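All remarks here apply to the structure that follows.
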Amino acid sequence: MILVSACLLGRKCRYDGNNHQDQSLKELLRGQKIHPICPELAGGLPIPRPPAEIKGGDGDDVLTGQARVVNRDNEDVTVYFIEGSRKTLQGIDPEQIEMAILKARSPSCGVGEIYSGAFNGQLKAGSGVTAAYFKRKGIAVYTEEELDKIKQILRDK
Ligand code: SF4
């Protein structure tokens, strides 16, 4: 089973009610067992919602209580992000998960690079809350920008 950010598959679950549909990714995954996830919805946030970024660290720091997720209205939404990361794996046998393909740069799903926390379009090193949680669980995480790598993994299995 491959976990995939639902917005990449066309679900309109982004903060602004849009999606990030990625046709190349969808074609690459044709015939695979995929399980769409949206941690922000799973955590209880609505559509639409104000955009959020991680302040004071990255997703790992959020999981250890050293950083917060704050939305553009300056509301602390950390609890939703942590809850969402856990709920996405509920009822799934970890042994069945081959990998997760997650939306690049999102405060939930970003892998290795996320927005800075200043809502200025700048990036910083680090992963989103759910990507960090998945890594802690031993799940291999990739973004939709690593199609060649994903293709190779699927070819080799
Ligand atoms: S939480 Fe992840 S799956 Fe949901 S809209 Fe944001 S990037 Fe997409």
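Among the residues making up the stretch 130-154, a single one is within 13 Å of the ligand (Cβ to nearest atom), touching a residue at least 60 places away in the same chain (Cβ under 8 Å) and more than 16 Å from residue 62 (Cα to Cα): 144. When the stretch 87-109 is filtered for residues that are part of a helix (DSSP H, G or I) and either surrounded by 14 or more Cβ atoms within 10 Å (Cβ to Cβ) or among the β-branched types (Val, Ile, Thr) (or both), only 87 remains.
Among the residues examined, residue 150 qualifies as modelled with pLDDT of 95 or more and assigned to a helix (DSSP H, G or I). Selection over the stretch 9-33 of residues that are in contact with a strand residue (DSSP E or B) (Cβ under 7 Å, 6 or more places away or on another chain) and either polar (S, T, N, Q) or within 7 Å of the ligand (Cβ to nearest atom) (or both) gives a count of 1. Only one entry of 127, 116 meets the criterion of being within 15 Å of the ligand (Cβ to nearest atom) and more than 14 Å from residue 3 (Cβ to Cβ), and that entry is 127.
Is there a residue in the stretch 94-103 that is within 16 Å of the ligand (Cβ to nearest atom), touching a Lys or Arg at 6+ places or on another chain (Cβ under 7 Å) and touching a residue at least 40 places away in the same chain (Cβ under 8 Å)? Looking for residues that are within 16 Å of the ligand (Cβ to nearest atom), touching a Lys or Arg at 6+ places or on another chain (Cβ under 7 Å) and touching a residue at least 40 places away in the same chain (Cβ under 8 Å), one finds none in the stretch 94-103, hence no.
Do you know which of the residues in the stretch 110-138 that are of a type in the set (S, T, N, Q) and part of a loop (DSSP other than H, G, I, E, B) is nearest to the chain's Cα centre (by Cα)?
Taking the stretch 110-138 and keeping what is of a type in the set (S, T, N, Q), we get 116, 120, 122, 127, 130.
Keeping just the survivors that are part of a loop (DSSP other than H, G, I, E, B) gives 116, 120, 122, 127.
Working: 116: 16, 120: 20, 122: 18, 127: 9 Å.
Within the stretch 110-138, the match that is nearest to the chain's Cα centre (by Cα) is 127.
The values are calculated or read from the model by the stated rules, or taken from the named source; none is laboratory data. Because the structure is a prediction, the values reported are computed rather than measured. No Cβ is skipped: glycine too gets one built from the backbone with ideal geometry, and neighbour counts run over all protein chains shown.
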